[in-house]
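S.K.: First, the structure itself, so that you have it in front of you.
The values are calculated or read from the model by the stated rules, or taken from the named source; none is laboratory data. Bear in mind the structure is a predicted one, so any value in this text is a computation, not a measurement. Here Cβ is always computed from backbone atoms with ideal geometry, including for glycine, and neighbour counts include all displayed protein chains. Quick note on the areas: whole protein, heavy atoms, side chains included, nothing else; ligands and nucleic acids left out. Shrake-Rupley method; radii C 1.70, N 1.55, O 1.52, S 1.80 Å.
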Amino acid sequence: MNCTLPLEPLTVTKTGAGSYDRDINWTIEKTANPTSLNLDDDETGDVDYAIEVVKTTWYRNITVTGSIFIQNTNDIAITVSSPDDELSRCPGWYGQPENHDGRLRDPI
């Protein structure tokens, strides 16, 4: 057996694909002042109004699947115990747990 030191590092590559379900809820509220007009023939009236639109997005069933590939190019066997990976939040993600139901709410 030929054993050359130092050993070459293992080559590690991984694949990953994500999926999720997204629910979008819109609420639209219109207010007016005054709420009614009594106009005679050829009379006009002004009404001030405002419209508020709120979008709420919920993410659920968030999953990531993939594989980790490890290659040993050394002349000796190397034991790898329990390879794992860790998910981290992406920059710019503002989702946060809401109502303890497993969904994430995006306040954008």
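S.K.: Filter region 39-60 down to the residues that are in a loop (DSSP other than H, G, I, E, B), under 30 Å from Trp26 (Cα atoms) and of a type in the set (D, E, K, R) and list them by number.
M.R.: Matches in region 39-60: Asp46 only.
S.K.: Kindly list, by first and then second residue, each pair from a residue in region 22-40 that is surrounded by 10 or more Cβ atoms within 10 Å (Cβ to Cβ) to a residue that is β-branched (Val, Ile, Thr) and assigned to a loop (DSSP other than H, G, I, E, B), limited to pairs with Cβ atoms under 8 Å and residues at least 6 apart or on different chains.
M.R.: Listed pairs, sorted by first residue: Ala32/Val47; Pro34/Val47; Leu37/Val47.
S.K.: How many residues does region 49-60 contain that are open to solvent by 90 Å² or more (accessible area, probe 1.4 Å) and of a type outside the set (A, V, I, L, M)?
M.R.: The total comes to 2.
S.K.: When you scan region 18-28, do you find a residue that is basic (Lys, Arg), assigned to a strand (DSSP E or B) and closer than 30 Å to Thr63 by Cβ, even just one?
M.R.: The answer is yes, given that some residue of region 18-28 is basic (Lys, Arg), assigned to a strand (DSSP E or B) and closer than 30 Å to Thr63 by Cβ.
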